[in-house]
1. Any idea which of Arg299, Arg286, Arg277 is under 16 Å from the mean Cα position of the chain (by Cα) and more than 30 Å from Leu97 (Cβ to Cβ)?
2. Against the condition modelled with pLDDT of 85 or more, surrounded by 11 or more Cβ atoms within 10 Å (Cβ to Cβ) and in a loop (DSSP other than H, G, I, E, B), how does Leu158 come out, does it pass?
3. Could we say that Gly108 is buried (at least 24 other Cβ atoms within 10 Å of the Cβ) and within 30 Å of Arg206 (Cα to Cα) here?
4. From Thr358, Thr306, grab the single residue that is under 23 Å from the mean Cα position of the chain (by Cα) and part of a loop (DSSP other than H, G, I, E, B).
5. Residues in the range 212-266 that are more than 17 Å from Phe138 (Cα to Cα) and assigned to a strand (DSSP E or B): how many?
6. Taking Leu251 and the conditions (1) more than 16 Å from the chain's Cα centre (by Cα); (2) touching a residue at least 60 places away in the same chain (Cβ under 8 Å), which numbered condition does it fall short on, given that it satisfies the others?
7. Return the residue satisfying two criteria in turn: it lies in the range 346-389 and is of a type in the set (Phe, Trp, Tyr), out of contact with any Leu (no Cβ under 6 Å at 6 or more places or on another chain) and surrounded by fewer than 23 Cβ atoms within 10 Å (Cβ to Cβ), and of such residues it is nearest to Leu288 (Cα to Cα).
8. Assuming Ser323 fulfils every condition listed in (1) over 30 Å from Met147 (Cβ atoms); (2) of a type outside the set (A, V, I, L, M); (3) buried (at least 17 other Cβ atoms within 10 Å of the Cβ) apart from one, which condition is it?
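The values are calculated or read from the model by the stated rules, or taken from the named source; none is laboratory data. Keep in mind that this is a model prediction, so the values were computed, not measured. Virtual Cβ from ideal backbone geometry, glycine too; neighbours counted across all protein chains shown.
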Amino acid sequence: MTIYKQVSAIYIAILNPKYKIISFLTKKLQILFFLPSVSSISAAHSSHFSDIIAKYNNHKLLIKNMILKLKSQHRKLLTQTGIIVVIAVIFAIIMPLALSGFRLKLLGRFLSLTIVALGIDLIWGYTGLLSLGHGIFFALGGYALAMHLKLQLPEGELPEFFTLYGVEKLPIFWQPFHSFPLTILAIIIIPAVTAAILGYLVFKNRIKGVYFSIITQAALLVFFNFFNGQQKLINGTNGLKTDIEKFFGILAGSEQAQLIFYEVTIISVIIIYLICRWLTSGRFGRLLIAIRDDETRVRFSGYNPTQFKVLVFAISGAIAGISGALYTVQSGIVTPSYMEVAFSIEMVIWVAVGGRGTLVGAIIATLLVNFGRTFLSEKFPEIWLFFQGVLFLLVVTILPNGIVGWWQEYGWLKLRSLLGYSQSIMTYPNIDKNPEVQVEREEVEKQQLGSDEVKKKW
């Protein structure tokens, strides 16, 4: 009996998924140790062996379900990758051949705006933080790259606007922007640090909801007025022009340079989308959604929401800085007008129209809204603002979940019905296929069998 229990324990340990022993060895061990003694064991031993076999079958079922889940995820990943590759090819190769220089530059500017929309969707759609001050981080990124372009001069010379205000020496904070690598770091780090500081001051006092939105808008006004008044340092309201400066020996406003900026923008959109998708999946993404839905419960669960909100707000600020830099070099100028309240509110509208918490919706809506605005302003220059306002009201009232949300809930099902595909019936899952339910049922049957044996003895 002792030997039997030891062998059984070894076999159960082998079946444990923690020990990654191949199924071939487990089958061999089953044959060597158990088959010869099956005919000679007692009823109690038989029930014990049946438990072992049941556990083995349950493990096989769990592994099978895991494999099916991995295959489904792999198939979904391949589909998404294929779609991204196709869209990238269309925008990177076909669009430059099909569009004129003006329209291509316009498309590049709109694609750069999709990046800041992704950042807003990250904090608003997934974390529940409605920021009305993302124009701060957008402008900081634009100013960082514009300052680098302004310093592409012969040694000893200063940008032309310094001489207008009697500045004879380059300010200290301009010095790092001589280096292109430091400029790239500044585009990311300066907006991120600014967002982290602002977020920490707000979140440590547990300010949220509409009060957070008001504070970000107030900060936006502070930065707007500050940059407007710095005539000697950053040319104030006039801003910094970039299209007449050189970028690695090429005029920044030339078609060659604009094509390079356009291709870099496409690559940036793909990379940032993948980063946002990675951040919003897994445990970190579920934690962000938990903070959005019930922050108090997250706090009582042992997590500190402040740290996570500061982190995601800093990441969103860095994303906005990259967007501002790419928009600046394709528009040819950066001014404090990027920090106007209307522009920051417009960024939020793009996400709302596309659908909160979708990421794809932010990209689609940004392109549609901006192209629609361009079309209306060209066709109806006097009343295009009226049409734009009506369009926003219709989308918000009729499609509260945005374009992508409507498509996921109703549009896809409607398309399937039009194509002749039957709608799948929503039913409860098959309980019999649940391994946990199977184990519980077998334990109940075993208890009933034991009670029947006791009754027979009595």
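1. On inspection, the qualifying residue turns out to be Arg286.
2. yes
3. So Gly108 fails the test.
4. It is Thr358.
5. 4
6. Checking Leu251 against (1) more than 16 Å from the chain's Cα centre (by Cα); (2) touching a residue at least 60 places away in the same chain (Cβ under 8 Å), the one that fails is (2).
7. Checked the range 346-389; the qualifying residue nearest to Leu288 (Cα to Cα) is Phe371.
8. (1)
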